Amino acid sequence: MRETKFCLLAVAGYTIAVVNGLWADGKMEAMNRVADVEHGIFTNYRERSAGSRARHVEARRYLPGGETRSSTWYAPYPTYMVAGEGAWLEDCDGNRYLDFLNNYTSLIHGHAQPAIVEDAADQLTRGTAFGSASEPQVALAKLLIERVPSIEMLRFTNSGSEATMMMMRAARAFTGRDIIVKMDGGYHGSHDFVEVNVSADLAASDQPAARIEERGVPDAVLNAVMVAPFNDLKAMELLLSEHHRRIAGIIIEPMPNAGGMLPPAPAYLRGLRELADRFGLLLLFDEIVTFRLSSGGMQAAEGVTPDMTALAKIIGGGFPVGAFGGRSDIMAQFEPGGSGALSHSGTFNGNNITMTAGLAAMKRLDQAAIDRINRLGERLGAGINALFETLGIRAQCLGYGSLQQIQWTDAPLATLKDAASAGQGIGKLRELLHLELLNRGVYTSNRGMYCISTPMSGAEINAALEALEGALRALKPYMREVAPRLLAE
Ligand SMILES: Cc1ncc(COP(=O)(O)O)c(C=O)c1O
């Protein structure tokens, strides 16, 4: 009996050992396949970018990570672009790229657009900034106000971050209340009051908890910021009914871009407008990215009128810029001389070069030009979705017009938490796709965003799709091992 037992145990032990061995072998093979894909992509990248590597090594001595923006750094080192023309960029190693990043959506006319260059160069010879009143800022303000009915008056800043900061301050001052509600997962720049839930709260059930993600942002900020889930009117209504007496306004990107280019649900923005009116608070649109979607911004396309709007990116013609504006009774707080007037300074606010270039860029961006690039963007998005279908990849492209973004799930996405969850459990897929597209001459954002510029046509869209198809094919073995949920087979 004891012997039989011993024999059974020995057989069982042997079987487990064999299965374990096979499993370990299989696992090893899978790890090798993953390593092969990664190695191949990184090696190709390194081989074509010796000049970038050398510059990066030098740059790291002076700039942390060799860079000056968190978003433009990527492993193993970022590509050094040295020239741009129209839809094209060239790096220091002589490689050329179709630019679908356009400095994070800001270069709507691509690079070195001749009319913008001419006007800016002409202004350059006559002075960049006088520290005085100047005409170019009036001309650009007039053009923007004529295009966006909700903006009755505005002020310029040097960045979008300053624009949202000043817009929020103006709202607090106007209402006499401290709190601004932002979306869970919404991005509005880098000042302290928007460094709350920049990435969505993945643990939240209904009401996400406000939290600070950046060290160095004081806890006190949480006394002045609350968060709500995007596309969820019920949750917003609940929050406002409880806290509206302390709330100055709601800040929202009509289509959150960094959160994933999630279009708003059909009646969502109008619903927010109604809630803001019902509870007597201000609706603040951050149209820093979405302004490119219609000549009156996404607010015109969606038929919703905010109380204030922040702009930046495209309105500077390729130079640093921001603007905030809205109802004249709110903006009148900045009227100098009155008692309690709000101050607003900035050495280069409204400087001649930005204003002149911005004016040249905006004059060349009528509704017809916008409609054309929106159609190209929709065509790109549809092409990407068709590629996913053909290749049996469970992913999707979302967006609106000239702004498109890959999401690593084929499930419907409503909130920014949904979008953030889609990016979980995919290993280095985003990073590898970005590098592989660079290897194939297409420059996108490293989170999978594409934006269209006016020098582009159908040929550039076809080229982007061809590069993406090749990159996805190269990445399928990686997906199979690291994120099998993405493959339909
Ligand atoms: C929606 C949104 N708001 C604000 C900002 C901040 O603008 P800036 O980078 O000019 O400070 C950005 C920048 O990408 C943005 O996408």
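Quick note: the coordinates plus some simple rules give every number you see, no bench work behind them. Worth saying up front: this structure is predicted, and the values here are computed from it rather than measured. Ideal geometry is used to build each Cβ from the backbone, glycine not excepted, and the neighbour counts take in all protein chains shown.
See the values below:
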{"read-out": "Efficiency of FRET from Cβ geometry, ARG480 and ILE145, R₀ 51 Å, rounded to 0.05", "value": "0.40"}
{"read-out": "Only Lys, Arg (+1) and Asp, Glu (-1) charged, at Cβ; the chain dipole about Cα centre in debye", "value": "520"}
{"read-out": "Dmax and Rg, reported as Rg then Dmax, of the range 372-411 (C-alpha, Å)", "value": "9.9, 30"}
{"read-out": "Label-point separation, ASP206 to LEU222 (7 Å along Cα→Cβ), nm", "value": "2.2"}
{"read-out": "Among PRO136, MET153, PHE174 - extreme Cα towards positive end, dipole of the range 133-191, charges at beta-carbon", "value": "PHE174"}
{"read-out": "Likely footprinting exposure, GLU431, GLU253, GLU466, GLU29, fewest C-beta neighbours within 10 Å first", "value": "GLU29, GLU466, GLU431, GLU253"}
{"read-out": "Nearest-0.05 FRET efficiency for GLU118 and MET28, computed from C-beta distance (R0 60 Å)", "value": "0.45"}
{"read-out": "Lys pairs under 28 Å by Cα in the chain, provided they are eight or more residues apart or on distinct chains", "value": "13"}
{"read-out": "Residue-span extension gain [ALA50 to ASP329] - 0.36 nm each, minus C-alpha spacing", "value": "94.8 nm"}
{"read-out": "Neighbour-count order for PHE348, PHE130, fewest beta carbons within 10 angstrom listed first", "value": "PHE130, PHE348"}
{"read-out": "Lys, Arg +1 and Asp, Glu -1 on Cβ, resulting dipole of the range 333-489 about Cα centre, debye, nearest 20", "value": "180"}
{"read-out": "Gained length - ASN103 relative to GLU213, 0.36 nm times residue gap less alpha-carbon distance", "value": "37.1 nm"}
{"read-out": "Two-site label geometry, GLN367 and GLU489: point separation in nm, points 7 Å out along Cα→Cβ", "value": "4.8"}
{"read-out": "Whole-number D in µm² s⁻¹ for the range 114-363, Kirkwood Cα-pair radius fed into Stokes-Einstein, 4 °C, 1.567 mPa s", "value": "70"}
{"read-out": "Estimated [θ] at 222 nm from DSSP helical runs (n ≥ 4, -39500 (n - 2.57)) normalised by residues in the chain, nearest 500", "value": "-14000 deg cm²/dmol"}
{"read-out": "Whole-number D in µm² s⁻¹ for the range 80-119, Kirkwood Cα-pair radius fed into Stokes-Einstein, 10 °C, 1.306 mPa s", "value": "153"}
{"read-out": "Beta bridges by DSSP in the range 114-363, antiparallel share as percent, to the nearest 5", "value": "45"}
{"read-out": "Quarter of Cα convex hull surface for the chain, i.e. mean projection, nm²", "value": "29.2"}
